[in-house]
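Single-structure report; data block below.
What follows draws every value from the coordinates through simple rules; no lab data is involved. Keep in mind it's a predicted model, so treat the numbers as computed, not measured. Cβ placement follows ideal geometry from the backbone for every residue including glycine, while neighbour counts extend to all protein chains displayed.
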Amino acid sequence: MAERLFLHLTTKQAWEDALMVGTYSLSTKDKTLSQVGFIHGSFPDQLEDVSSFVFTGSTEELVVLHLDIEKLETSGLVVRVEAGGNGKMFPHIYGAIPCKLVDKVTAAHMSPDGQLIQQ
């Protein structure tokens, strides 16, 4: 797999909840891993489009989880790059993410005009 960086945009509250139990298991906004079967992700050049699609109009505090695909796979998680509904290829993680595998967490929010602002 050429791209190594897996990004996942979620609410700050969802990340804080995950830290309390040690694993992150939301697939996307308002959908769990058990409902969808995998955790949605983005490559860096896709994050802006995904944020607009999923979180436009949101006033929630957000975070971007930064993960290394090779590290995930070495830890036994299955990562597949699959077609999204828009014809683009997106990374998906098949399993809950142990919080210790998250390399970096970046604070973010949506601007009133629908742009993702990372802090």
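Numbers at a glance
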{"item": "Kirkwood hydrodynamic radius (C-alpha pairs) into Stokes-Einstein, the stretch 1-56, 37 °C and 0.692 mPa s, D in µm²/s", "result": "271"}
{"item": "Net dipole in debye of the chain [+1 Lys, Arg Cβ; -1 Asp, Glu Cβ; about Cα centre; nearest 20]", "result": "240"}
{"item": "Pairwise Cα inverse-distance average, inverted: Kirkwood Rh of the stretch 5-111 (Å)", "result": "13.8"}
{"item": "Separation in nanometres of the label points that stand 7 Å from Cα toward Cβ, at Arg4 and Asp113", "result": "3.6"}
{"item": "Within straight-line cross-link reach of Lys12, aspartates and glutamates at Cα separation under 15 Å, skipping those fewer than 8 residues along the same chain", "result": "Asp30, Glu60, Glu61"}
{"item": "His8, His109, His40, His66 arranged by Cβ crowding within 10 Å, fewest neighbours leading", "result": "His66, His109, His40, His8"}
{"item": "Paramagnetic label zone (point 7 Å from Cα along Cα-to-C-beta, Gln13; backbone N under 17 Å) in the stretch 104-119", "result": "108-110"}
{"item": "Charge context of Leu7, other residues only, Cβ under 13 angstrom, K/R +1, D/E -1", "result": "-4"}
{"item": "Residue-averaged [θ]222 nm for the chain, counting only DSSP H segments that reach four residues, each worth -39500 (n - 2.57)", "result": "-6000 deg cm²/dmol"}
{"item": "Ser27, Ser111 arranged by Cβ crowding within 10 Å, fewest neighbours leading", "result": "Ser111, Ser27"}
{"item": "In order through the stretch 19-29: 3J(HN,Hα) via Karplus (6.51 cos²θ - 1.76 cosθ + 1.60), integer Hz, x for Gly, Pro", "result": "4, 6, 9, x, 9, 10, 9, 8, 7, 7, 3"}
{"item": "Residue-count net charge about Thr56 - beta-carbon cut-off 13 Å; Lys, Arg +1, Asp, Glu -1", "result": "-3"}
